[in-house]
Amino acid sequence: MNASAAWQHLEPKVAAINRRIDELEWEPSRRNNFVSYRPEMDSPYVEVDGERLLMMSGYGYIGLGGDERVAAAAKAAIDQYGTGTPGVRALAGTIPLHEELEAEVARFTGRENALVFSSGYAANVGTVGALAGAGDTVLLDKLDHASIVDGAQLSGATVTRFRHNDPRHLDLRLAATNPSGTRLVVVDSVYSMDGDIAPLPELREVCDKHGALLMVDEAHALGVIGATGRGIEEHFGGEVKADIKVGTLSKAVPSNGGWIVGSADFLQYLKRHARPFLFSAALAPAQAGAALESLRILDREPERVTYAQRESARFRQVMSDAGMNTGASQSAVVPLIVGSDENAWEFATACRKAGVVGLPVITPAVPPGLARLRIAITAKHSRADIDFAIDAFLTAARQCHLIGE
Ligand SMILES: Cc1ncc(COP(=O)(O)O)c(C=O)c1O
């Protein structure tokens, strides 16, 4: 068989994607994906193609991207440990900085011990895969992040989905599963495209009723919800606990990496069963140094969290009073839901012309008819920045006939 014959089955898929991109992005100002942004270190502005734009779709919730203390910690880590580690964590790849970071993650999240992975994606895939396997059942919220879904599918367990944020539906699903294996329920604490929060107390009750484990992904909750940014347990008053908490070091914490917290025994097991931990290089020193310093700053400066909470509530209120659909958002993530994929693309393009980056999320990342701009309010946005963004979004929404004059 020649090479072109070998490619023939893939060609229709490649052509379909390229056609769709051409439909959406037929001129440079309509490009919204894979755009290269040059960030300003001390502001939420970015430069793209010579234009200075206000970034409103970034994940840097507590405003530490570009922080000099974090950058200094990353540089010091390189000076002390080099740019990479010479292996996986189990063999030659562990440095004292990993252990210091793990101690800080455990302390900050209120658990005995922590383990850090080289990404949040790897933490979810590795943890779900270590907790469940053939003969077990993993129950996922319909809107769980792809890394949780992938972990569940790779685990070999039976995978069941329940309706989004619906503990009664989870109850029905659990009643119908095989009680002889592990039953693992996994939810996002804060949903990344909607900004709504999982109903932890009700989920805990249902899991206890059926003897199921409850795992939460704190990716968009750490530094975002709870009075001091400690996530979903603190948000609900601190009494109700999840069995397993995982998170990332790439959102509020401006680095890379993922974490899981738990008992020493459980983490010992995980170290030997989580394949992305065992078979992938350790977190790079600069990343570990930046993450450690960021967590220490978050601990000392909880006002970053309260500021972003207050400003995101204000933003949400102003936008919904003006007629925009902000869905069920309760956090720093505020979707502006506009219907069709084309609406979202036109809206994003008009926002950019008004000086603001609001990035569209379209199918299949969200269900058809629920395309949106995914906006995140961070501690780096001043009140004046947010007011500027509000004006730009509303001007663009009127131009696109999404709201009245
Ligand atoms: C809910 C959630 N979990 C996990 C991840 C993966 O984290 P990372 O980007 O650090 O690999 C993401 C990333 O966007 C996420 O939104």
- Taking the condition in contact with a Phe, Trp or Tyr (Cβ under 8 Å, 6 or more places away or on another chain) and surrounded by 15 or more Cβ atoms within 10 Å (Cβ to Cβ), does A274 pass? yes
- Message: So, G195, is that one touching a Leu at 6+ places or on another chain (Cβ under 7 Å) and among the small types (G, A, S) or not?
- Response: no
- Hey, P86 at pLDDT 95 or above and of a type outside the set (D, E) or not: no
- Query: Among the strands (runs of 3 or more DSSP E) contained in region 114-193, which hold 1 or more residues that are within 13 Å of the ligand (Cβ to nearest atom)?
  - Reply: 137-141, 183-188
- Message: Just to be sure I understand, how many residues within region 252-270 are within 16 Å of the ligand (Cβ to nearest atom) and among the aromatic types (F, W, Y)?
- Response: 1
- Query: Of all the residues that make up region 205-241, how many are in a helix (DSSP H, G or I) and open to solvent by 30 Å² or more (accessible area, probe 1.4 Å)?
  - Reply: 6
- Item | Subset of region 170-190 (residues that are of a type outside the set (G, A, S), surrounded by 17 or more Cβ atoms within 10 Å (Cβ to Cβ) and either touching a strand residue (DSSP E or B) at 6+ places or on another chain (Cβ under 8 Å) or more than 28 Å from I225 (Cα to Cα) (or both)) | L170, R173, L174, T177, R183, L184, V185, V186, V187, D188, V190
- Item | Selected residue (criterion: most open to solvent (accessible area, probe 1.4 Å)) from residues of region 114-144 that are farther than 15 Å from G258 by Cβ and in contact with a Phe, Trp or Tyr (Cβ under 9 Å, 6 or more places away or on another chain) | K142
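The values are calculated or read from the model by the stated rules, or taken from the named source; none is laboratory data. Given the structure is predicted, the values throughout are model-derived calculations rather than measurements. When we count neighbours, we look across all protein chains shown, and the Cβ atoms used for this are built from the backbone with ideal geometry, even at glycine. In case anyone asks, the SASA skips ligands and DNA or RNA and just uses the protein heavy atoms, side chains included. Shrake-Rupley method; radii C 1.70, N 1.55, O 1.52, S 1.80 Å.
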